[in-house]
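Undergrad: Before I ask anything, here is the structure I am working with.
The values are calculated or read from the model by the stated rules, or taken from the named source; none is laboratory data. Because the structure is a prediction, the values reported are computed rather than measured. Don't worry about glycine lacking a Cβ; one is built from the backbone with ideal geometry, like all the others, and counts go over all protein chains shown.
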Amino acid sequence: MSTIPRTPHSRRVAVLGAGLSGLAAATRLEAAGHQVTIHEARDRVGGRVWSQQLETPLGTYTIERGAEFVLGGYDTLRALVEAHGLGLADTTMSYYVRQVAGPHPVTTDAIADAGRRAAEIAERRPADTSVESVLSELEAPEDVKAALRARVEMSSAVAADQVSASSLGAVASMTPQPSWRIAGGNQSLPLALTAALTGTLHLGDPAVEVSDAVTGTGLTVITRTGQADYDDVVVALPPSIVTDPATIRLPLTTGQRDAFRWIQQGHAAKLHLPLTRTPASSAVMSPEHRCWNWTASDASGTVAPVLNSFIGTYAAIDRLGLRHSADRWAEATRAMRPDLDLDGAEPLATVWTEDTWARGAYTALDAAATPADITPLESADARVHLAGEYTETVFTGLMEGALRSGHRAADRIIAAARLATV
């Protein structure tokens, strides 16, 4: 066992997880003069932000196997992108507006109108109302309601009867708005945050337990390779990992444990297919398969010859057999886009539900919950400080939410350190 040395007035902090929330916490803590050690289970940083190069007949292009779109209001992400000398690339398509695939599709205008009226119903209902409950009250043709339901489930990655209606205003939006990606790949940001750190980063070294410190006060972090004592611990891991004592044992408060029952971790997968010709930017969805696909511009300003696809909800993943093969999904995607020239290459699929260190995608607030129900997750009296997009009540499930949660976790430790030195 080792004890991390400490200088006067600084705290020794362990950060478990090197995704956006963990790295945001770590960099903010170091900027305040504290000593940080990061333990990450994967052999890379970024967590569910994962960029990769894809070979196409027209060259090599960057794809996002995880979180992709930078949306309006991402003030924290934009500030960090600028601070680290990165840039944003306009996708030249709208994340929000998606045409419906099929010979007689529902129009985007009809879905947009239904979404607005559904959001208005939700505003008049108690906070613990489900999307499905709102849809049952909505007066609209059944095919329009089915398309809206699919749109919600694709965006939240959770079934409509399990997700809070409070999300309708955001996840059901069909209003044209711009969207971006980080130029060169979204993983550029976690890599830049990592490069700015002076503390120790342990890759491939997941924590398995956090307990009372063996020596003095604080907490002991036990990993697969050893253990050390710290003054504070930030746990920046997905809910499925945090709540699984077989993977990691944590001294959570009763309030923290209870709050997790109001968190729905979604299930999602992504698919990428090379194209033989440069397409126009586009976005098309399939209510039947609970998936949508798009073509978008990259940092060069031209549309990349790649068809990207996303599928949401466990039921949709199961129906297409994605836990075993992406072939049926690729076939369905090709059928949705007869307008594109696909080269027949092997599809590249990422099934986050099957990922050992994620076990799912981003989160949504449970249908029976209110935002106040998850506030105990960030209790100042907690032994460990939780960080992750699931603690966020505004940017839930989004990269912006992850970054903001990491900053809040760091700020709680910084505030406690200042009080301790008064």
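Undergrad: Quick one: which residue in Leu342, Leu377 is surrounded by 19 or more Cβ atoms within 10 Å (Cβ to Cβ) and either touching a residue at least 60 places away in the same chain (Cβ under 8 Å) or at positive phi (or both)?
TA: The match here is Leu377.
Undergrad: In the range 296-312, which residues are surrounded by 24 or more Cβ atoms within 10 Å (Cβ to Cβ) and either of a type outside the set (A, V, I, L, M) or over 22 Å from Ser188 (Cα atoms) (or both)?
TA: Within the range 296-312, Ser309, Ile311, Gly312 meet the criteria.
Undergrad: Condition (residue is in a loop (DSSP other than H, G, I, E, B), modelled with pLDDT of 95 or more, exposed (fewer than 14 other Cβ atoms within 10 Å of the Cβ) and polar (S, T, N, Q)) applied to the range 209-223: is it met by at least one residue?
TA: no
Undergrad: Being buried (at least 20 other Cβ atoms within 10 Å of the Cβ) and modelled with pLDDT under 95: is that true of Pro287 here?
TA: Judged against the criteria, Pro287 is a match.
Undergrad: Would you be able to say whether some residue in the range 3-19 is of a type outside the set (A, V, I, L, M), at positive phi, at pLDDT below 95 and assigned to a loop (DSSP other than H, G, I, E, B)?
TA: Within the range 3-19, one or more residues are of a type outside the set (A, V, I, L, M), at positive phi, at pLDDT below 95 and assigned to a loop (DSSP other than H, G, I, E, B).
Undergrad: So, one more: Of the conditions (1) within 25 Å of the chain's Cα centre (by Cα); (2) over 25 Å from Val70 (Cα atoms), Ala345 satisfies every one except a single condition; which number is it?
TA: (1)
Undergrad: Considering Arg116, Arg98, which residue is without any contact (Cβ under 8 Å) to a residue 40 or more places away in the chain and assigned by TED's automatic domain parsing to the domain that holds Val163?
TA: Answer to the selection: Arg116.
Undergrad: Still on this model: Do we find that Arg261 is within 19 Å of Tyr362 (Cβ to Cβ), at pLDDT 95 or above and basic (Lys, Arg) in this structure?
TA: Yes.
Undergrad: Condition first: in contact (Cβ under 8 Å) with a residue 40 or more places away in the chain, out of contact with any Ser or Thr (no Cβ under 6 Å at 6 or more places or on another chain) and either more than 26 Å from Thr247 (Cβ to Cβ) or not acidic (Asp, Glu) (or both). Now tell me which residues in the range 197-217 satisfy that.
TA: Within the range 197-217, Leu197, Thr198, Leu201, His202, Leu203, Gly204, Pro206, Val208, Val210, Thr215 meet the criteria.
Undergrad: Here's something else I'd like to know. Checking the condition surrounded by fewer than 18 Cβ atoms within 10 Å (Cβ to Cβ), in contact (Cβ under 8 Å) with a residue 60 or more places away in the chain, out of contact with any helix residue (DSSP H, G or I) (no Cβ under 7 Å at 6 or more places or on another chain) and outside the structural domain of Pro206 (by TED's automatic domain parsing), which residue from Arg328, Arg334, Arg359, Arg319 passes?
TA: Sole residue among the options that is surrounded by fewer than 18 Cβ atoms within 10 Å (Cβ to Cβ), in contact (Cβ under 8 Å) with a residue 60 or more places away in the chain, out of contact with any helix residue (DSSP H, G or I) (no Cβ under 7 Å at 6 or more places or on another chain) and outside the structural domain of Pro206 (by TED's automatic domain parsing): Arg334.
Undergrad: Specify which of the listed residues (Arg78, Arg65) is of a type in the set (Lys, Arg) and without any contact (Cβ under 8 Å) to a residue 40 or more places away in the chain.
TA: Of Arg78, Arg65, the one residue that is of a type in the set (Lys, Arg) and without any contact (Cβ under 8 Å) to a residue 40 or more places away in the chain is Arg78.
Undergrad: Let me ask something else. Taking the condition touching a residue at least 60 places away in the same chain (Cβ under 8 Å) and either within 17 Å of Thr243 (Cβ to Cβ) or within 22 Å of the chain's Cα centre (by Cα) (or both), does Ala410 pass?
TA: The answer is yes for Ala410.
Undergrad: Have a look at Val70, Val81, Val49, Val97 and point out the one that is in contact with a helix residue (DSSP H, G or I) (Cβ under 9 Å, 6 or more places away or on another chain) and surrounded by fewer than 20 Cβ atoms within 10 Å (Cβ to Cβ).
TA: Going through Val70, Val81, Val49, Val97 in turn, the sole match is Val97.
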